[in-house]
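Scroll down for the structure; my scribbles are underneath it.
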Amino acid sequence: MQYVPFGDLGFNISRLGFGMMRLPKVTLPDGSTALDEARATAMLRSAIDQGLSYVDTAYPYCDGQGEPLVGRILKDGYREKVILTTKLPVWLVKTHEDMMKFLDEQLKKLDTPYVDFYILHAMNNERMDLMQKLDYKRFYADAIAQGKVRYPGFSFHDDAKAFLRILHDWDQWGMCQVQMNILDDENQATLEGIREAGRRGVGVVVMEPLRGGLLANPPVDVKAVYDAYAVRRSPVEWGFRYLYAMPEVITILSGMSTWAQVTDNLRIFDMAKRPTLTDEELALYQKVKATYLARTKTRCTGCKYCQPCPMGVQIPRIFQGYDAAMLRADSSFKAGYAQIQADHADASQCIHCRKCEHVCPQHLPITRFLEEIHAASAAE
């Protein structure tokens, strides 16, 4: 396992982190499912025994059962072996006092006196407005002074402008957690955003390195691109390699839910030093990305500038769902579109006012795309 300094914070960390959002489940006699605590415990402890030292959880993970389970897994001396991160559920915060209330609740669930990183969860422009209004900096000062939190940070889902706004709002961020992978280098925080974080000395933790598993199981045309390259690596290894070559990236989270994933990820991250991508490898990634994107229609980034639509059309939900199905090369969007229709938020509600097109930063022909997707998806 390779270790790198976590920015200027004074400790080293494993390049591979364990994301506790997709833990294994077991089917109960009544047909319902529950967390497979025994298997989750064995998987995480085995990974820690083999060098993994970063664990990430959050208030809503596993239907609220994630934090208590992590607390139990990290008994028997394992808590002292890891850097532990959890997240403030910003969407539930109404007052300044709520921030400390949630932190205390989460520390109790985790059965630990402190967390190493306590980060603002899934931040965007609207949530930043709230955090500024409620004086999040004073909350962090109090939590750190009381020994409940070592370092502040934020996770992020919005556009690059919002990312820079949050990043520049405070010079005390210990880390930022961003979605980054082969397909998302120009979405959300963007490559330039994480480079700015690096320039400011803010460590970058990557989530969704394989786009929720999408990049681990490529369609045949993408697989052919990988197979034609001189060096043979699995799509998973190519996906991780793209990220761990970035000097700004400290730790890459993997939401491991099977023993096979744990074993394979530990193998991939068992390297002597951070690699430098060759020109040929960079060209390969560009070809892989282009092959994936050729399958999409809209390339909507989900910035939501087009929302709310005056007729209630959920444009990003339609566009991103459709593109995701095309990337997977399956027909799963039909069922999703049926639900959008049931919600009266489908393309048939569009009156062609084109207000959305006037504000779209990507200058997408939204009205035409809506018509084409509706025709393709609504028909039996």
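The values are calculated or read from the model by the stated rules, or taken from the named source; none is laboratory data. Because the structure is predicted, anything quoted here is derived from the model rather than measured. Glycine gets a Cβ as well: all are built from the backbone with ideal geometry, and neighbour counts include every protein chain shown. Accessible surface is based on the protein model in full, side chains and every heavy atom, while ligands, DNA and RNA are left aside. Shrake-Rupley method; radii C 1.70, N 1.55, O 1.52, S 1.80 Å.
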## Note on the structure
Longest principal axis of the chain (C-alpha) makes with the long axis of helix 37-49 (C-alpha) an angle, in degrees to the nearest 10, of 70
#### Entry: Mean separation of Cα contacts under 8 Å (6+ apart) over length of the chain, as relative contact order %
15
### Query
Using a probe of 1.4 angstrom, how much of the accessible area of region 225-281 is carbon and sulfur, in percent?
53
### Query
Carbon and sulfur atoms: what percent of the 1.4 Å accessible area of region 296-380 do they account for?
53
## Note on the structure
A student applying the Cα gyration tensor rule (rounded when a/c is under 1.5; otherwise prolate if a/b is larger than b/c, oblate if not) would label region 72-120 prolate
### Message
Could you compute the net charge surrounding residue 171? Neighbours are other residues with a C-beta less than 11 Å from the C-beta of residue 171; K and R count +1, D and E count -1.
### Response
+1
## Note on the structure
Ranked by GNM mean-square fluctuation in the chain (Cα springs under 10 Å), the top entry among 180, 246, 311 is 311
### Query
For the chain, list the cysteines whose Cβ sits under 4.7 Å from no other cysteine Cβ?
62, 176, 300, 303, 309, 350, 353, 360
### Task
Please go through the residue pairs 161/297; 25/101; 87/334; 137/273; 287/334; 297/355 and name each one whose alpha carbons sit more than 32 Å apart in this structure.
87/334; 137/273
### Query
For helix 366-378, what angle does its Cα long axis make with the longest principal axis of the chain, in degrees from 0 to 90 and rounded to 10?
90
### Query
According to the Kirkwood expression over distinct Cα-Cα pairs, how big is the hydrodynamic radius of the chain, in Å?
22.2
#### Entry: Neighbour cut-off at most 14 other Cβ (10 Å), DSSP loop, trypsin sites (Lys or Arg not before Pro), region 146-214
200
### Task
For region 1-84, compute Rh as the Kirkwood radius over C-alpha pairs and then the Stokes-Einstein diffusion coefficient at 37 °C and 0.692 mPa s; write the answer in µm²/s, rounded to an integer.
239
### Task
At 1.4 Å probe size, with every protein chain present, just tell me what the per residue accessible area of the chain comes to in Å².
45
### Message
Just to confirm the number: angle between the C-alpha axis of helix 190-199 and the first principal axis of the chain, 0 to 90 degrees, nearest 10?
### Response
30
### Task
Using Cα pairs closer than 8 Å and at least 6 residues apart in sequence, work out the relative contact order for region 262-380, in percent.
24
### Task
Take the alpha carbon atoms of region 1-68, find their center, do the same for region 290-347, and report the distance between the two centers in whole angstrom.
31
## Note on the structure
Relative contact order as a percentage, region 174-226, C-alpha pairs under 8 Å and 6+ apart, gives 42
